[in-house]
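Contents: one structure, followed by commentary.
Read the figures in this text as sums done on the coordinates, not as results from a lab. Being a predicted model, the structure only gives us computed values, none of them experimental. Please note: Cβ atoms are built from the backbone with ideal geometry, for glycine as well, and neighbour counts cover all protein chains shown.
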Amino acid sequence: MNTSPEIILDCRELTKTVVTGSGKSGAKPLTILQPIDLQVKSGESVAIIGASGSGKTTLLSILAGLDLPSSGEIYLKRKPMHTFDEEQRSKVRADHVGFIFQSFLLISSLTALENVMLPAELANDDNAKEQAMVMLEKVGLGDRVDHFPSQLSGGEQQRVAIARAFVSKPDILFADEPTGNLDSKTGEYISTLLFDLNQQQGTTLVLVTHDQKLALRCQRQLTMESGRFINQQVMAEVS
Amino acid sequence: MPMWIKQSLRLFRHELKRGELTIICFAIVLAVATVFSLSGFSQQIKSALVNESNSFIASDRVLQSSRPANENILIKAQQSNLQNVQMLLFSSMAFAQDEMQLVSVKAVQNGYPLRGELLIESDNGPVAMSAPSEGSVWVEQSLLNKLKVNLGDSIELGAANLKIAGIVNKEPDASFSVFTQGPRVFLNFNDIEQTKVVQPGSRLTYRYLFAGDKADIDDFDLWLTPQVEENQRWYDIKSQQSPLANALKRAESFLSLASMLGILLAAVAVSVASKRYGQRHQPMVAVFKAMGASKSYIRNLYLLHWASLSTFSIIIGLFVGFVMQYYALQYMTSYIPTNVQSSYWYPLTVAITTGLLCACAFAYAPLKELVATPVLSVIRGFNGFTSQARWQSVIPAISAVFLLLLLFSQNIILSVVLLLSTAVVVAILVVFGRLLISLGRQIGSGAGQSLHLAVANLKRRAKQNNVQLVSFTIAIMLLLLMLVVRTDLIDEWQEQLPENAPNQFLVNINESQVPKVEEFLQANDLFASQLYPIIRGRLTAINDEKLLKKASKEQEDKSDNGRQGIGRELNMTWQQQLPDENVIVAGQWFSSEGKKAEVSIESKLAERLNVVVGDELAFQIGSEKVRVPVTSIREVNWKSMQPNFYMIFSDGVLTDFPVTYIASMHVPSVSKQDFQQFLSVYPTISVIDVDAMISQLRTVIDQVSIAIEFILLLVVVAGSLVLVAQVQASMEERERELAILRTLGAKGSLLRNSTLLEFVVLGAISGLLASMAMEIAVFFIQLKVFEMATSFHGFYWFVGIGVGALFVGSVGFMSCWRLLKLSSLTLIRRTL
């Protein structure tokens, strides 16, 4: 029997409005996200592309449970994130979510190994260290485990960040411009690494990028403009 | 072990190793070390000063009484582990063959003196002794001259015949009153009975001397003070009205003040550094949160992190403080007597409390904001702390600082003055700072490119600069405050004790000897006061009210050197001119024309006797009665080393009475021998040597001055740390700005000059504001704490501005040097 993959992320009518300005001109509401519907299946890779200010980063923040929508519903692993407080969302993130940031956000005082161990430790994984070692080997930094971020190049730092994102085997990985701070050659290498690992681990990937090339490696591309999707391209069916 | 403990300790270990906690640790270390070394150091200096000065009362405390004190007091003293000896003082006639002389007898028990030394002449020079053996006396050299006797001869004192067994070289608790009644005779306490001079109605002074550990003395003091009777007086060196007591009190206040300034600065450094600590950890907290760490997890992690950091810093601080105190005291050993008992409990307790207070109060707000870092920052970036929690951070910090000041100084006035002046500074700073910066911008727009950019930078960072401005200003203000107060205080002391301060008093100069004395003074070119005629007389009535009762009460309950005069014979003089150090506060000084009978009375005595200008005073002088109206009331500086009088008559009133003269003079050591020789020709002239007291005063000044150098050093270190911490806090933003300016093609020299100028301008503004604040603080400190005349310190305004520009400019520039040296590419890579 052909069972269709589980919907891991389900958004219905998501909107985000913020209040800007104060004082003489008075407060003005600004709509960042128009009502958005989105379903992501388990194992799927989705790229959200769009110009600056189109709302893609805001959407990523809400999808990842870092922020709350102004209205609408969002279910991550069937959990109603829109009704959760910060602590509950933290728990969901700890159990199911991985992150890769544009500026790497490695903890400068911890070694590469310790940075990678962090999420596994937060999930109370007894084998955090071993798993982190394995992941660093996979990203080709097995000989740099004791180096601090400042001793690594940008590309190496992002590889550590990728290892960190995958170490706790998250169900879904959110990446915010993962190659945005890298030169094109390194960016290429990083994106290959990211997709390879993603495939190996069968992780769902949602990434936000300007980089068309990177976006095209995803199974689905969603283009945003003025807070809404304007088209969807599906590269391949998820089997 | 919970994971947060593991992670927290790991983070702490790495950060410590990598030097990321250096500034915050250094700030806490400095606060703790400053408090430890200063409280230990100043405590030891104070106790050394007091110990040494206590030799002037031959003990730590004295109970003086006109009747024997209750036995219980001595029993309690023994129970309190205090040493005690008794003395009896009285005046009596001493006879030797046909000669007789009024002498001041001091009958002492073995063990006297408890502090200081009683030196008796011997063949091998002066030797420290306790009490003469029974049946013998020690006397002053002048008595031998007056009675025409030699060492080994006998004198009669009352009914006793006593052998002169020694000559007194130095008596620790000698009276500095220039009107002492005759030469000193030391008698063994057990011989009192034999003399039979103690009869009902005899004028006797009982003195009970006590000495021991400070804590025991303090306990005893608490027990005894409520029981002190009307005819008794319970005092220590500081309650004496003497220049020494005064210098001691000020020295103590100053040491406290200076140390408090150091502590205040160290606290500012902790405050600045802990804010920076919080901001620097924000990305970590956001990443932790993004990875699903709960708020309580992060709170625990950072509480432990902060606790580890504080504990580590406090321990290092205690160690550093101990070493600093050790070496400071080593350095001072040549100035401090070696018998100083050092206790580390007090400094240890105060220092640990300081560390904890700083760690808790200053970390509260930054830690709270840190834990509250929004998780969204991982996407949106970090904008530092919002200032919403301003009051939350200010109130605990101010309370902590006040507690610290109070804990350290135990002086509410000093603490409030310091805190208030600092608060006023902060308040006016914010207003003035902005005003000056915007003024600077206008000036800057017409100036060169570098200055223009520097001022634009200042203006743009107005909010951060306000914080920097406040810290810099406080640092500079505290530095200035210390310099100014130190200079003022030492100047005042020096004024009080000029090089040629009188060190000898000549008393009992008779009229025929006056020209000889004047001749001697002139021949030896000695600096001397004029010769004051002295007439002894008794104040008998004010207007028509007889004074008997009033005066005798005064005599009993007040036994200060000054006040003893009233109730018995007063030493009075007459003068045409108002003597130096005397100021008329009511009425008018004698008019030069005519020979009207008038008298001028000292203001405190006038107040006590309720005498006003216009009252008529009656005096009994010998067998004569004199009535004169009071035409003026004078304030007298009793601290001045010159003869001072309660009553000064107009010229002509007393001229018919038999008179002796008194003079004070400075005899340099080279002239001492001539001086002795001169005196040996006139054995009836008495001399009072106050050299010992003067050298004691100088020791106080020297010791305090050296202590101040040490504290100044600490204050400078603390001030620099505040600057470095502040500059560090703005480093990331500067890095970004430099990257942008470099990218836009700004030349290295332009960036260097504008950075330097930015700090110089900021420093100069801070210096100006600090000078203003210093002036206000000094005004109150002079007025309320030191009780001295207030003054303006224009010169220090220039120092403040100069030091501010130089100090902030160089420290800021040096801190940024690393950044300025980076190539454009590196800068851009690092920041983007």
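Worth pointing out:
- Estimated from helices alone, the mean residue ellipticity of chain A at 222 nm is -10000 deg cm²/dmol (sum of -39500 (n - 2.57) over DSSP H runs with n ≥ 4, per residue).
- Debye, to nearest 20: dipole size of the stretch B:569-638, +1 on Lys, Arg Cβ, -1 on Asp, Glu Cβ: 180 debye
- Pair B:Glu519, B:Lys6: separation of 7 Å Cα→Cβ label points (nm): 10.2 nm
- Shielding of B:520-526 by partner chains, average beta-carbon count, 10 Å: 0
- Range in chain A, longest, excluding exposed GluC sites (Glu not before Pro) [loop by DSSP; at most 15 other beta-carbon atoms within 10 Å]: A:7-236
- Virtual spin-label span in nm between B:Ala372 and A:Glu13, 7 Å along Cα→Cβ: 3.4 nm
- Choice from A:Phe84, A:Phe99, A:Phe195 with maximal GNM fluctuation in chain A (Cα, 10 Å cutoff): A:Phe84
- Placed amide H near B:Ala160: partners under 5 Å, 5+ positions off or other chain: none
- Computed over the stretch B:1-59, the range of Cα coordinates on each principal axis works out to 65, 25, 11 Å, biggest value leading.
- When you restrict to C-alpha pairs under 8 Å that are six or more residues apart and normalise by the size of the stretch B:61-235, the relative contact order lands at 37 percent.
- Qualifying trypsin sites (Lys or Arg not before Pro) in the stretch A:70-106, DSSP loop, other Cβ atoms within 10 Å at most 14: A:Arg78
- The Cα-based radius of gyration of the stretch B:61-235, divided by its Kirkwood radius, gives an Rg/Rh of 0.99.
- Take the Cα of B:Asn508, step 7 Å toward its Cβ, do the same at B:Met93, and the gap between the two points is 1.5 nm.
- Neighbouring partner chain Cβ atoms per residue of B:5-12, average, 10 Å criterion: 3
- Arranged from fewest to most other beta-carbon atoms within 10 Å of their beta carbon, B:Val32, B:Val626, B:Val484, B:Val378 become B:Val626, B:Val484, B:Val378, B:Val32.
- Neighbouring Cβ atoms from other chains, within 10 Å of the Cβ of residues in A:115-123, number 4 on average.
- Selection of trypsin sites (Lys or Arg not before Pro), the stretch B:569-629, meeting DSSP coil and at most 16 other Cβ within 10 Å: B:Lys595, B:Lys596
- Near the amide H of B:Val667, within less than 5 Å, lie the amide hydrogens of B:Asn503, B:Gln504, all on another chain or at least 5 residues away, with H placed in the peptide plane.
- Across the stretch A:29-44, coupling constants 3J(HN,Hα) worked out from phi with the 6.51/-1.76/1.60 Karplus curve, θ = phi - 60°, read x, 10, 8, 9, 10, 7, x, 10, 10, 7, 10, 10, 8, 4, x, 6 Hz, and Gly and Pro carry x.
- Shape analysis of chain A yields a ratio of the Cα radius of gyration to the Kirkwood radius, Rg/Rh, of 0.98.
- Length-normalised contact order for chain A - Cα pairs under 8 Å, 6+ apart - percent: 27 percent
- Loop-resident trypsin sites (Lys or Arg not before Pro) (DSSP state other than H, G, I, E or B) in the stretch B:107-161 with no more than 14 further Cβ atoms inside 10 Å of their Cβ: B:Lys148.
- Using a Förster distance of 45 Å, the FRET efficiency for A:Glu87-B:Ile412 (Cβ separation, nearest 0.05): 0.45
- Cβ crowding within 10 Å averaged over residues, with B:408-416, B:251-259, B:741-749 ranked highest first: B:251-259, B:408-416, B:741-749
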